Amino acid sequence: MAARISSLEKSATRAREKPESKPSVSNSDAESNAYAHSTSMSEGLRENVVVQKGSSTQYFNEIMLSTMIEGQDMKAVLTPPNTGPLQPQIISPFNAHGILSSPSLSIVPSTLHPPQELAVKLWKIYVDNVESCVGLKFLHLPTDDIKIYSTINDPATASLENLALCYAVYFASATSMDDTEAAAILREDKNTAMLRFKVGLEQALAHGDFLDRPTITGLCAFAIYLSAVRIHNRGKGIWILNGLAIRIAQSLGLHRNGEKLGLSPFESEIRRRIWWHLLCREWRSGEDYGLENINNFLLMADVSLPINIEDTDLYPEMQRLPAPRNGWTAISFSLICIDFAQCMQKLGVISASSSASSPPSENSRAQLVKECKERVDRWLRHCNPVLPPQRLALYISSFLLRKLDFVSRMQWILLRCDGESADFVSEENLVEALEILESRVYETDGLLKQFSWVRKAFPQYHVTMYVLWHLSVKPEGPNIERAWTTTKTMFSPEIWDETTMGFGSKSAVLTALRAKAVSAREKLQRMSTGKLNGPGSLVGENLSSQAEDQTTSSVLAGTNTGEIDLEGGMEEWPDWEALVENFQFNSSDVF
């Protein structure tokens, strides 16, 4: 054991001393696979990676993921060998394609509308479970209430944009319900109902020629749908559609203050709510898909922030906007989410402009985080934790503050390049990462049960990735069993099930990292006992359970990674130093 630890220490020392090397690609590999970096550490901190398999190309520029892909085993996850039969591709029934569909003459959108009694229930569920959380506040309930109920009253004569809004609301409401509640309310299979609402939305937009003749109401329907469908499909197509939504918003002039365009105060306020919501959703792409946003909309947008007022303070005929309220309102949580997004974008700009010769100071990072915390704390003073929506805002805001501080601090340690990188894999950092992952308490807090769907909407890829790599390179320590228990929860069916696993590069990399961690744990046990007792003996992991085996094998099969070598020695893995040298705080991180 002592010899093994000594070997690891020497490996880490060599990694710090040796110059950066780039992975080589043989001529034979180049015919079907390509792997390239557009920048090196000497040119800047931001790495760009292109992985090709035949005519398929995947691009990554989010630092944590792209650096992991540098390792040949991670590359194999995304570009499996050509030998052997290909596994069937996993396709979500909730795919992104339908938004771009042509109108079907055989489908009249209004005929897909649910019965009135069910539609009323779904609208009320939306208001309680969706409208008040995750920064999804851009509807104006007094006026949209009329649109919804008018459509429910007579779907056949309703406008196509109002039908689209209703179908998006119904889809989001069904998404927010657990299976038991959905069965009691929908009186049919949940997925069947949701697919009907999905087709209704798509056909309402198609019949209304939404792409060429977009409307604000249609855009609201589109935004609601994109926020809900990510629970069922985390594929890159959802991110691409969010970019489409931003383009549609620009075509409607939402990227400009409405007052300067001669619009009424009411219209201007509603438009800025939608615009900021779309921007905040855009910044999740770095964590979800390894695609760091290179636009500076959040810092340069020529649009004022929404005003902290209640919906009842707004009405279409008003001549001027009221003064912001001092207390908590239905829009306050959205304003907090915007503040987080702006702070994370500022940190991302600083880190992207840094270099080994000109690293950012810890004081600059700490000051930005401190200022963000002070602003958020001022909002949270008005929260009443007895009221579920405000309790949720209090909880998520506290969670995001801890995550913001942790991940950005890890980045700054590496950016300073002063020999402190070895501190990255420490027990203190592992404990903090575990506390962040363990703090999600929807299941144990009865007042937050209605928001438990949010947990699945925002899986914690970055913090989970840190814990898995820690388990891979440092498989023993006082918190290892706790770490295994936590990661098992993150891979539980409630978060990682057959509808989401296998979609996107993060799923493949996380699964491979998890397999590496298991391999390291088994090797450590073999060295200490002289034999490998089998995965079932690994306390906390319980890989022998059928559900665990199915989850791991299904994800690997979905990415055609059956050839990946999980038995290679630890010396053959990507060095931790090489992995984290460019670790970048994800400026898109929400929840």
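Computed from the coordinates by the stated procedures, all read-outs in this text should not be read as laboratory data. Model, not experiment: these values are computed from the prediction. When we count neighbours, we look across all protein chains shown, and the Cβ atoms used for this are built from the backbone with ideal geometry, even at glycine.
Overview of values
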{"item": "FRET efficiency, Asp189 to Leu261 (Cβ-Cβ, R0 51 Å, nearest 0.05)", "result": "0.65"}
{"item": "Arg256 long-range amide H proximity, modeled H, under 5 Å", "result": "none"}
{"item": "Peptides ranked, highest mean first, by Cβ atoms within 10 Å: ranges 240-249, 226-235", "result": "226-235, 240-249"}
{"item": "Three principal axis lengths of the range 340-465 [C-alpha, angstrom, descending]", "result": "50, 29, 22"}
{"item": "Gyration tensor (Cα) of the range 104-232, equivalent ellipsoid semi-axes in angstrom", "result": "20, 17, 14"}
{"item": "Peptides 324-336, 302-314 ordered by average Cβ neighbours within 10 Å, highest first", "result": "324-336, 302-314"}
{"item": "Local electrostatic count at Gln367 - Lys and Arg +1, Asp and Glu -1, tallied over other residues with Cβ under 14 Å", "result": "+2"}
{"item": "Full-extension gain in nm, Met318 to Arg409, via 0.36 nm per residue minus C-alpha separation", "result": "28.1 nm"}
{"item": "Potential lengthening between Asn384 and Met527 on full extension [0.36 nm per residue; Cα-Cα distance subtracted]", "result": "46.1 nm"}
{"item": "Sequence of Thr157, Thr489, Thr217, Thr464 once ranked by neighbouring C-beta atoms within 10 Å, starting from the fewest", "result": "Thr157, Thr489, Thr217, Thr464"}
{"item": "Signed unit charges on C-beta, dipole axis of the range 104-232, positive-most listed residue Tyr167, Ile107, Ala221", "result": "Ala221"}
{"item": "Members of Lys198/Lys236; Lys147/Lys403; Lys236/Lys474; Lys198/Lys373; Lys236/Lys346; Lys373/Lys449 lying beyond 28 Å, as alpha-carbon distances in this model show", "result": "Lys147/Lys403; Lys236/Lys474; Lys198/Lys373"}
